[in-house]
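First up is the structure itself, then whatever we jot down about it.
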């Protein structure tokens, strides 16, 4: 809870900076790309592949509502990736990408999900580490 | 009257015309369309047959059947589902078709209430809706419904849940897109109650609303709630002109 609140504060600061991103990791434990990989593929938990295609051979049906994540580690820096996963609204106020680590401005959240963010701070770090590792084309 | 008509056309002008809109049916695979079209393979027709039998069955302390009051459904119920929800004088609020069937049961048959998603109520609703197959949706023009339609539109456009998405984000802005394997439809309420393969049974429109709200991790409203009636009124006006197709089949 405290972590989520402090994170919301971080976004408030990051907001005006826009696409510059969040340079500071959310936790002291460095992100683990292989855990991040598993989280990204988990359709119940992170929902990423519901909207994004990417170099995910394991996933037969990938969504097309967001950009293909292939090579996203070449396009965006770590702070930029972190900001987008934490709360894409800081980059695009009208985004449909859910705020993965912010409780700001949410309405009518289901009882089961109240007061929790979609991903924990460590899960965000893991996902971001994985995204940063997505270099080059889809071969 | 003029103003209301102007408001209604104004509201409709912001969305595509009937020709440009596509129902869930038009977005389905040819296999599923064939399943819906063939009365022998459409599982919803089982409910329709059950509903036809219930129509003629006396119920409650009044010992009356639907047919005792309404006669043959082929005439008396033709087009009814295409203009619901409608205003209910006694309760001073709109009712949807399932609500109306429930009220006939408690008010006129003096029988105990049925749950909205119970088998007999879905069967009767499917049978009544079937009498509107091919009829273009023609929203009831009672001006008392207009504020409800506005409420429904606001709900449709309000972001909610942990995923912070509005119905409109998917069904207006990304209809035709893919959420993993699912093609996002435009959310036209043309075919309810409908048989969903995922449910493996019939379900009402409000159950579908609940699915989508749970999907964005929002707290669903209750089936039959004023919020869902308002959403239904808005979706029916948004779908005006599209043809009814109950019982539809959906993935």
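Computed from the coordinates by the stated procedures, all read-outs in this text should not be read as laboratory data. These numbers come from a predicted model, not from an experiment. In this analysis, Cβ positions are derived from the backbone assuming ideal geometry, glycine residues included, and neighbour counts consider all displayed protein chains.
As I understand it, the value is the acute angle between the Cα axis of helix B:2-13 and the longest principal axis of the Cα atoms of chain B; what does it come to in degrees, rounded to 10?
The helix B:2-13 is inclined about 60 degrees to chain B.
Report the percentage of all Cα-Cα pairs in the range A:15-139 whose separation exceeds 17 Å, rounded to a whole percent.
57 percent
Only counting other Cβ atoms within 10 Å, I'd like B:26, B:219 sorted with the fewest neighbours first.
B:26, B:219
Angle, helix B:44-55 long axis vs. longest principal axis of chain B, Cα atoms, 0 to 90°, nearest 10?
40 degrees
Quick one: order B:196, B:144 by neighbouring beta-carbon count within 10 Å, fewest to most.
With the fewest neighbours first, B:196, B:144 line up as B:144, B:196.
Roughly speaking, what is the centre-to-centre gap between the range A:82-132 and the range B:129-175 when only Cα atoms are used, to the nearest Å?
Rounded to whole Å, the Cα centres lie 28 Å apart.
If each DSSP helix of 4+ residues adds -39,500 (n - 2.57) and the sum is divided by the residues in the protein assembly as shown, what number results at 222 nm, nearest 500 deg cm²/dmol?
-11500 deg cm²/dmol
Order these by the 10 Å Cβ neighbour count, fewest first: B:23, B:138, B:57. Walk me through the numbers before you get to the answer.
Numbers: B:23 20, B:138 14, B:57 11.
Neighbour counts put them in this order, fewest first: B:57, B:138, B:23.
Any idea what % of Cα-Cα pairs in the range B:2-250 are farther than 23 Å? Intermediate results must be reported in sequence, preceding the final value.
Values: 15330 of 30876 pairs.
Within the range B:2-250, distances greater than 23 Å cover 50 percent of Cα pairs.
Output the Kirkwood hydrodynamic radius of the protein assembly as shown, Cα pairs only, in Å rounded to one decimal.
When all Cα pairs of the protein assembly as shown are included, the Kirkwood radius is 23.1 Å.
Can you give me the angle between helix B:146-157 and the longest principal axis of chain B, using Cα atoms only, in degrees from 0 to 90, rounded to the nearest 10?
Value to nearest ten degrees: 50.
List the relative contact order of chain B as a percent without decimals, with contacts defined as Cα pairs under 8 Å and 6+ residues apart.
27 percent
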